Amino acid sequence: MSTARRTGTARTIDLTLLVATIVFAVLWMIPIVWVVAMSLKPNSELMRSTTGFIPIPFTFENYVNILKLATVPLWLMHSFIVAVSMTVAVLAISSTAGYAFARLDFPFKRTLFLIMIAGLMVPEQAVFIPLFTMFADWGLHNTHAALVMPRVAVPIGVFLMTQFFRAVPRELEEAAELDHASHLKIFLKIMLPPSVPALTTLGLFTFIYAWNDFLWPLISATRADMYTVTVGLASIQGNFAFSEGLGSVMASAVFASLPIVILFLVFQRFIVAGVAMGAGK
Amino acid sequence: MQHFKFLTRMALATALAGSFASAASAADVNFLRFFGDCQTEYGTVTDVSKANGECGIITVLTNKFNAENKIGAKVITQTAEWGAFYDQLTATYSTGNIPDVAVMHASVMANFAERDLLTPLADGFKKAGIDTADFVPAALKNAMSKDTLYALPYDLHALLFHVNMDLMTQAGLVNSDGSVKLPSSPEEFISMGKQFKEKTGKYFIASESQSAEGMMVRLWESFMWQQGVDVLSADGKTATINSPEALKAAGLIKSIYGEGLANTALDYPGAEQAFLNGEAGILINGTWGVDNYNAQAASGKAALKNYKVANVPTIFGKSKVWADSHMWVMPKDDKRTPEEVDAALAFMKFLNDNNFQWSRTGHLSVRTSVIGSPEFAALPHRGEYAATAENATALPPVQNQRGVFNAMITDFNAMWLTGAAPADVLTAMQDSVDQILSRNR
């Protein structure tokens, strides 16, 4: 009897959680559905009303106008190059630095770690002007290097990987040391394989950050042929686009988000695993 | 096949971009502007009469210049987002691709002119045949900084009263000649508003009241100028906000909201929607909306059917109204060749010659010869607000004018968003603006 009651209570809790999850998921989805609906409506219609989730009257014109622009593939290519390069560089630097901080002994290790952690507290905007001037002096603006380089040293990435490597059992490393394996070999063969979920999570977040980045590309890539997709799509909007060209703005938002959505769908398993791993720690 | 198409387009785009970046000839004019990109709609069009809106008209004018100029000049357009435009333009001085011609608001020009970042243009205009005597005084003043001409003024975009005549008729606020009856004193403003609300059950005024567009600050500035005082001292070094005139103007705006004559919850698109959906009698917005609202009224799909435009009424004696200008400037670049300068000036001359076309956007022409022309008068509603060109007034040309404006908005909106007293708001505005002005060189 009591077992049956317990089962009943568990079911009620499960059901409540399920309903709550569905409600939150729907609430979370509402703005996205609204954005998509507006992107499929004519601009003149949206000037009168932005309400409603069903795009009537319906049009693909906002998307067609984006796809017709000859420069859009070029902007996509720049975003892709920048996002991939930044992701690879962040993963390489964060994992090697994380391994060093977690496992190696070297002078001033603790001080350097603290300095690295202090980097978390420096807002990005605070270093903008020195960074901009530095890259101008080097003549690097309007290049991929200028778009990638300032973003490859990511303290949170190093911190994440340091914490991860600290949790890897020491015995695995000791066994390899007995076989006279070098640090590089230990890093590549022993430490990296179990860190794939952590690296995947870090890589995905870096890619998303790089893809969505706007402010730095805006001032560094000032030539239209060097725009990334975020800056490029913003540049085609007319003045007062938020009222007179809302459908176009929303279509730009959906269009620019699509690669990220696809990425999420493909790597969903890793993202969930990565976030769960982070929560577990 | 799809992959092939994509790769082909990518290669084409890369080739286009390559030509953009490296094939500059002596007569190329690199043209940086906002107003959007309409290449898909107007990429090959050279007949200006076929173009509409800011983006369409400037795109087709550029195409026409490229097709018809006899000096072999080629304008290469680069668009940038409106909100971030000046950050990007500033960045070009360091990134190395300084445009030959760029758009600039009058309210921003001092930032560039006083840092010696713009090319003086008086001699160039003389050489190119641009007659500055044809510019209306307000526009010419906007193009000058410390007695030096730095810009080709292209329009005056001012605050207007956009009117729903059906609702005004219902409220009994129409004169016997069919024109809209507008107030001429603060008391009349409120009494008319109450009459409107009573007869129609709707808001008298729709205005952006929540966001950074600051329509009510522009109206308040207009009311200050109407009383013969300014917001800043003549030398632009201090704010002159804490004055009895400012209090009178702020008090009127506070009453508009306090009496429930305007909806405090509207942002910019919300105010437009309220007007188009027949929820308010008057929309306070700029010249840039005229053609859009006219098209909406004509479409038959909006509740607004009978649309008219009026100058901002003279409430405090003098006819003055807030205005800014879109202008064309030549950013300073030591590497620019004489041929490139000539080509840029030829493009500016062409734009000036076609100033009428730009006035089709709804903005006011800056040329007296255009304003007085029959073709300008024939444009929809222009006759209803032509006087605005004479009443147009702007803040003194000081650096950080946008910063001043934004600071004023934050404090001013508190009157209806948090119920702050006008006197307290003005004190806060005085402090904020003085702080910003103190940073000027």
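Take A:Gln237 and decide whether it is in a loop (DSSP other than H, G, I, E, B) and modelled with pLDDT under 95.
yes
List every residue pair whose Cβ atoms sit under 8 Å apart, with the two residues 6 or more apart in sequence or on different chains, where the first one lies in region B:76-91 and is within 8 Å of another protein chain (Cβ to nearest Cβ) and the second, anywhere, is surrounded by fewer than 19 Cβ atoms within 10 Å (Cβ to Cβ).
Pairs that qualify, where the first residue is within 8 Å of another protein chain (Cβ to nearest Cβ) and the partner is surrounded by fewer than 19 Cβ atoms within 10 Å (Cβ to Cβ), are B:Gln78/A:Arg223.
Could you list all residues from region A:176-186 that are without any contact (Cβ under 8 Å) to a residue 12 or more places away in the chain and either surrounded by 12 or more Cβ atoms within 10 Å (Cβ to Cβ) or among the small types (Gly, Ala, Ser) (or both)? Steps first, answer last, please.
Residues of region A:176-186 that are without any contact (Cβ under 8 Å) to a residue 12 or more places away in the chain, as a first pass: A:177-182, A:184-185.
A:Glu177, A:Ala181, A:Ser182, A:Lys185, listed by residue number.
How many residues are outside any loop (DSSP other than H, G, I, E, B) and within 13 Å of B:Leu160 (Cα to Cα) when one looks only at region B:308-336?
Restricting attention to region B:308-336, the residues satisfying the condition of being outside any loop (DSSP other than H, G, I, E, B) are B:308-311, B:321-324, B:326-329, B:331.
Of the ones still in play, those that are also within 13 Å of B:Leu160 (Cα to Cα) are B:308-311, B:321-324.
The total comes to 8.
Please state which of the following conditions B:Glu340 fails to meet, knowing it meets all the rest: (1) outside any helix (DSSP H, G or I); (2) at pLDDT 95 or above.
Condition not satisfied by B:Glu340: (1).
Can you tell me which residue in region B:268-303 is surrounded by the fewest Cβ atoms within 10 Å (Cβ to Cβ), limited to those that are in a loop (DSSP other than H, G, I, E, B) and more than 9 Å from every other protein chain (Cβ to nearest Cβ)? Full working, then the answer.
Going through region B:268-303, the residues in a loop (DSSP other than H, G, I, E, B) turn out to be B:277-279, B:300-303.
Pick out the ones that are also more than 9 Å from every other protein chain (Cβ to nearest Cβ) and you get B:278-279, B:300.
Details: B:Gly278: 16, B:Glu279: 19, B:Gly300: 7.
By that ranking, first place goes to B:Gly300.
List, please: which pairs have Cβ atoms under 7 Å, are six or more places apart or on different chains, and start with a residue in region B:386-407 that is more than 23 Å from B:Asp147 (Cα to Cα) and end with one that is modelled with pLDDT under 90?
Partner pairs satisfying both residue conditions: B:Asn406/B:Ala212.
Restricted to region B:198-237, and to residues that are among the acidic types (Asp, Glu) and within 16 Å of B:Gly403 (Cα to Cα), which residue is farthest from the chain's Cα centre (by Cα)? Don't jump to the end; show me each part of the working.
Of all residues in region B:198-237, those among the acidic types (Asp, Glu) come to B:198, B:208, B:213, B:221, B:230, B:235.
The next check asks that each one be within 16 Å of B:Gly403 (Cα to Cα); those that pass are B:213, B:221.
Details: B:Glu213: 11, B:Glu221: 15 Å.
Only one residue fits best here, namely B:Glu221.
Quick one: which of A:Lys41, A:Lys68 is within 14 Å of another protein chain (Cβ to nearest Cβ), in contact (Cβ under 8 Å) with a residue 24 or more places away in the chain and of a type in the set (D, E, K, R)? Give the derivation first.
Details: A:Lys68 fails: in contact (Cβ under 8 Å) with a residue 24 or more places away in the chain.
After applying the criteria, what remains is A:Lys41.
With respect to B:Ala265, determine if the residue is free of Cβ contacts under 8 Å to residues at least 60 places away in the same chain and over 19 Å from B:Thr200 (Cα atoms).
Details: free of Cβ contacts under 8 Å to residues at least 60 places away in the same chain: yes; over 19 Å from B:Thr200 (Cα atoms): yes.
It is true that B:Ala265 is free of Cβ contacts under 8 Å to residues at least 60 places away in the same chain and over 19 Å from B:Thr200 (Cα atoms).
Of the residues A:Ala102, A:Ala153, which is small (Gly, Ala, Ser), surrounded by 15 or more Cβ atoms within 10 Å (Cβ to Cβ), outside any helix (DSSP H, G or I) and more than 12 Å from chain B (Cβ to nearest Cβ)? Show your work before the answer.
Details: A:Ala102 fails: outside any helix (DSSP H, G or I).
Step by step, each of A:Ala102, A:Ala153 is checked, and only A:Ala153 is small (Gly, Ala, Ser), surrounded by 15 or more Cβ atoms within 10 Å (Cβ to Cβ), outside any helix (DSSP H, G or I) and more than 12 Å from chain B (Cβ to nearest Cβ).
Mind listing just one residue for me: the one in region B:52-103 that is assigned to a helix (DSSP H, G or I) and hydroxyl-bearing (Ser, Thr, Tyr) and, of those, nearest to A:Leu140 (Cα to Cα)?
First, pick out the residues of region B:52-103 that are assigned to a helix (DSSP H, G or I): B:53-68, B:85-95.
If we keep only those that are hydroxyl-bearing (Ser, Thr, Tyr) as well, we get B:59, B:62, B:86, B:90, B:92-95.
On the way: B:Thr59: 31, B:Thr62: 31, B:Tyr86: 21, B:Thr90: 17, B:Thr92: 13, B:Tyr93: 14, B:Ser94: 10, B:Thr95: 8 Å.
Here the residue is B:Thr95.
Could you check how many residues of region B:109-131 are at pLDDT 95 or above and either aliphatic (A, V, I, L, M) or in a helix (DSSP H, G or I) (or both)? Give the derivation first.
Step one: of region B:109-131, the residues at pLDDT 95 or above are B:109, B:112-113, B:116-131.
The next check asks that each one be either aliphatic (A, V, I, L, M) or in a helix (DSSP H, G or I) (or both); those that pass are B:109, B:112-113, B:117-118, B:121-128, B:130.
So the count comes out to 14.
Give me the helices (runs of 4 or more DSSP H) completely within region B:133-226, filtered to those with at least 1 residues that are surrounded by 23 or more Cβ atoms within 10 Å (Cβ to Cβ) and aromatic (Phe, Trp, Tyr), ordered by residue number. If you could, list the steps in order and put the result at the bottom.
Values: elements: B:137-142, B:165-170, B:186-200, B:215-226.
Per the criteria, B:186-200, B:215-226.
Out of A:Tyr227, A:Tyr209, report the one residue that is among the aromatic types (Phe, Trp, Tyr), buried (at least 23 other Cβ atoms within 10 Å of the Cβ) and more than 7 Å from chain B (Cβ to nearest Cβ).
Details: A:Tyr209 fails: buried (at least 23 other Cβ atoms within 10 Å of the Cβ).
After applying the criteria, what remains is A:Tyr227.
Quick check: anything in region A:6-22 under 30 Å from B:Ser299 (Cα atoms), under 31 Å from the mean Cα position of the chain (by Cα) and assigned to a helix (DSSP H, G or I)?
In the first step, residues of region A:6-22 are kept if they are under 30 Å from B:Ser299 (Cα atoms); the result is none.
Within region A:6-22, not a single residue is under 30 Å from B:Ser299 (Cα atoms), under 31 Å from the mean Cα position of the chain (by Cα) and assigned to a helix (DSSP H, G or I).
In region B:256-267, how many are assigned to a helix (DSSP H, G or I) and crowded, with 17+ Cβ neighbours inside 10 Å?
First pass over region B:256-267, keeping only residues assigned to a helix (DSSP H, G or I): B:256-258.
Next, from what is left, pick out any that are crowded, with 17+ Cβ neighbours inside 10 Å: B:256-257.
Residues that pass the stated criteria total 2.
Would you be able to say whether some residue in region A:71-82 is away from chain B (no Cβ under 14 Å) and either surrounded by 16 or more Cβ atoms within 10 Å (Cβ to Cβ) or small (Gly, Ala, Ser) (or both)? First the steps, then the outcome.
Kept after step one, since they are away from chain B (no Cβ under 14 Å), are these residues of region A:71-82: A:82.
With either surrounded by 16 or more Cβ atoms within 10 Å (Cβ to Cβ) or small (Gly, Ala, Ser) (or both) added as a condition, the list becomes A:82.
Yes, that holds for at least one residue.
Condition check: farther than 23 Å from B:Met216 by Cα and of a type outside the set (Gly, Ala, Ser). Does B:His381 satisfy that?
On the way: farther than 23 Å from B:Met216 by Cα: yes; of a type outside the set (Gly, Ala, Ser): yes.
It is true that B:His381 is farther than 23 Å from B:Met216 by Cα and of a type outside the set (Gly, Ala, Ser).
The values are calculated or read from the model by the stated rules, or taken from the named source; none is laboratory data. Please read these numbers as outputs of a predicted model, since none were measured by experiment. Every residue, glycine as well, gets a Cβ built from its backbone with ideal geometry; the counts of neighbours run over all protein chains shown.
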